[in-house]
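Input: a single structure, listed below in structure tokens.
The values are calculated or read from the model by the stated rules, or taken from the named source; none is laboratory data. None of these values were measured; they are calculated from a predicted model. Here the Cβ positions follow ideal geometry from the backbone for every residue, glycine too, while neighbour counts run over all protein chains shown.
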Amino acid sequence: MRILVVEDERKIAEALKKGLEAEGYVVTIALSGEDGFFCFTTEQYDLMLLDLMLPGRDGIEILRSIRKKNIVTPILLLTGRDTVEDRVLGLDSGADDYLVKPFAFPELLARIRLLLRRGQHETQHLLKIADLEINLLTHQASRASQLLDLTVKEFELLEYLIRHQGYVISREMLAQDVWLTRERSTPLDNVIDVSIARLRRKVDGPFELKLIKTIRGVGFCLGEPDRD
């Protein structure tokens, strides 16, 4: 299991890394909010330990930005703030759990195990079609049990297609819902087409069954379009 520790105090971060690695976890440290956000949205992790009080971009802002991207990987907040209001703010912003500093390391381990077990059993976070599967907790995609090496945007695009499997998806829908812009343009259409082509090579290239289809003049479809 891979854990990202986002903590600006190096001694604390190194202590967490040492303790967690002794338990068999693979640990990456980020010493700033920006680095933590970049790591979490470009690499695959099973859980994040996120300090709230970070210089520049604080933990709440990072948490909200991650959840806006529909990344549901468990996040455990670590903070010295212990008021009810602080706990409610963290949980309402998308945190899965909250631990106040100073804390006992065995309690941290117990909470980590709980979050990881919960993630393993929440099958609603698995989206499937044929032998293609995406896991919203680990932010991984696989085809015939082979992991696909997707960028963050490719994963978002594939998630959108699989959530709308069987329906024709227009470029306008992708522009609004995946690229989050209301203004379509020829350059953006070109970006969408290139992204679809790259995703198709990764999802369909090595396999006989082709899942991503282009509906000429209309858009794209994952699986056969529904017919009324």
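Numbers at a glance
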read-out: Of residues in the range 52-104 being hydroxyl-bearing (Ser, Thr, Tyr) and assigned to a loop (DSSP other than H, G, I, E, B), the one farthest from residue 38 (Cα to Cα); value: 83
read-out: Boolean, residue 204 is more than 21 Å from the chain's Cα centre (by Cα), at negative phi and acidic (Asp, Glu); value: yes
read-out: Residues within the range 1-40 that are assigned to a strand (DSSP E or B), among the small types (Gly, Ala, Ser) and within 19 Å of residue 70 (Cα to Cα), tallied; value: 0
read-out: Test for residue 56: is it out of contact with any Leu (no Cβ under 8 Å at 6 or more places or on another chain) and on the phi > 0 side of the Ramachandran plot; value: yes
read-out: Filter result (within 24 Å of residue 116 (Cα to Cα), surrounded by fewer than 18 Cβ atoms within 10 Å (Cβ to Cβ) and hydroxyl-bearing (Ser, Thr, Tyr)) within the range 130-178; value: 142, 145, 151
read-out: Residue check for residue 48: under 22 Å from residue 103 (Cβ atoms) and buried (at least 18 other Cβ atoms within 10 Å of the Cβ); value: yes
read-out: Candidate set from the range 178-228 (those that are small (Gly, Ala, Ser) and free of Cβ contacts under 8 Å to residues at least 60 places away in the same chain); member that is farthest from residue 146 (Cα to Cα); value: 185
read-out: Exclusive hit being touching a strand residue (DSSP E or B) at 6+ places or on another chain (Cβ under 7 Å), outside the structural domain of residue 197 (by TED's automatic domain parsing) and at pLDDT 90 or above, set 116, 108, 161; value: 108
read-out: Residue 155 vs. criteria modelled with pLDDT of 90 or more, among the aromatic types (Phe, Trp, Tyr) and farther than 30 Å from residue 4 by Cα; value: no
read-out: Residue in the range 121-133 that is part of a helix (DSSP H, G or I) and polar (S, T, N, Q) present; value: yes
read-out: Lone unmet requirement of (1) out of contact with any Pro (no Cβ under 9 Å at 6 or more places or on another chain); (2) over 26 Å from residue 179 (Cβ atoms); (3) acidic (Asp, Glu) for residue 96; value: (1)
read-out: Matching residues, the range 179-190, being of a type outside the set (S, T, N, Q) and exposed (fewer than 13 other Cβ atoms within 10 Å of the Cβ); value: 180, 182, 183, 187
read-out: Residue within the range 98-118 that is surrounded by 14 or more Cβ atoms within 10 Å (Cβ to Cβ), within 15 Å of the chain's Cα centre (by Cα) and not hydrophobic (A, V, I, L, M, F, W, C) present; value: no
read-out: Residue match in the range 191-210 (condition: farther than 24 Å from residue 40 by Cα, buried (at least 16 other Cβ atoms within 10 Å of the Cβ) and at pLDDT below 90); value: no
